[in-house]
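Enquirer: Let me give you the structure first, and then I'll get to my questions.
The values are calculated or read from the model by the stated rules, or taken from the named source; none is laboratory data. Everything numeric here is computed off the predicted structure, so don't read it as measured data. Neighbour counts are summed over all protein chains in view; Cβ atoms, including those assigned to glycine, are modelled from backbone coordinates with ideal geometry.
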Amino acid sequence: MPHIHEKIDFVADVFIVYKDRVLIRKHDKYDKWLAVGGHIELDENPNQAAVREVKEEVGLDVELIGELPKLENKEWSSYRELIPPRYMNIHDITSTHQHISLIYFAKSTSDKVVDEGQEKSKGYKWFTKRDLEENLENISESIKFYALKAIEESGE
């Protein structure tokens, strides 16, 4: 999708865990292993974007991992808590454009990836902890870190 803003866009990246494996995709444009994810649209919150991007890119229904505080806010009826991202980073896309990445972990009840051709990718792969540690696919250190943390925190 094209950039929403000229200088900085917010994106949701999701590390999806099924049992003891995490799904990572090979990005078609950058030829790198990355999380499933994409731009947060102007009419959605980050949690909605994370779930939508997963459904669009790999056809999986997921539940974001995280805790919602049990707060009652009587002052504003429209107030509601969101599951916070597990990590955040900012990185250059070009010399004049950056992405702020909200990194989520999620659980899936299936490992059946459905690629309907809507999203361009060089493929998807479910990685175990051992796969990530051996790193035969040359995954970047940051992606490996997040993927290992997702497996660890999923409780699988």
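Enquirer: Residues being exposed (fewer than 13 other Cβ atoms within 10 Å of the Cβ) and over 13 Å from the mean Cα position of the chain (by Cα): count how many of those fall in segment 83-109.
Expert: 7
Enquirer: Further question: Taking Glu137, is it under 23 Å from Lys19 (Cα atoms), more than 18 Å from the chain's Cα centre (by Cα), touching a residue at least 12 places away in the same chain (Cβ under 8 Å) and surrounded by fewer than 16 Cβ atoms within 10 Å (Cβ to Cβ)?
Expert: For Glu137, the condition - under 23 Å from Lys19 (Cα atoms), more than 18 Å from the chain's Cα centre (by Cα), touching a residue at least 12 places away in the same chain (Cβ under 8 Å) and surrounded by fewer than 16 Cβ atoms within 10 Å (Cβ to Cβ) - is met.
Enquirer: Could you check how many residues of segment 33-58 are touching a helix residue (DSSP H, G or I) at 6+ places or on another chain (Cβ under 9 Å) and in a loop (DSSP other than H, G, I, E, B)?
Expert: 4
Enquirer: Please note which strands (runs of 3 or more DSSP E) are completely contained in segment 82-156 and include at least 3 residues that are at pLDDT below 95.
Expert: Per the criteria, 87-94, 121-128.
Enquirer: Please pick out the residue among Val51, Val22, Val58 that is of a type in the set (A, V, I, L, M, F, W, C) and closer than 11 Å to Tyr104 by Cβ.
Expert: Val51
Enquirer: In addition: Restricting to segment 119-139, name every residue that is of a type in the set (D, E, K, R) and under 24 Å from Lys55 (Cβ atoms).
Expert: Residues of segment 119-139 of a type in the set (D, E, K, R): 119-120, 122, 125, 129-131, 133-134, 137.
Across segment 119-139, the qualifying residues are Glu119, Lys120, Lys122, Lys125.
Enquirer: Given the residues Ile16, Ile24, which is the only one that is surrounded by 20 or more Cβ atoms within 10 Å (Cβ to Cβ), part of a strand (DSSP E or B), touching a residue at least 24 places away in the same chain (Cβ under 8 Å) and in contact with a Ser or Thr (Cβ under 6 Å, 6 or more places away or on another chain)?
Expert: Ile16
Enquirer: Same structure again: Any idea which residue in segment 57-82 is farthest from Lys26 (Cα to Cα), counting only those that are surrounded by 14 or more Cβ atoms within 10 Å (Cβ to Cβ) and not hydrophobic (A, V, I, L, M, F, W, C)?
Expert: That would be Gly66.
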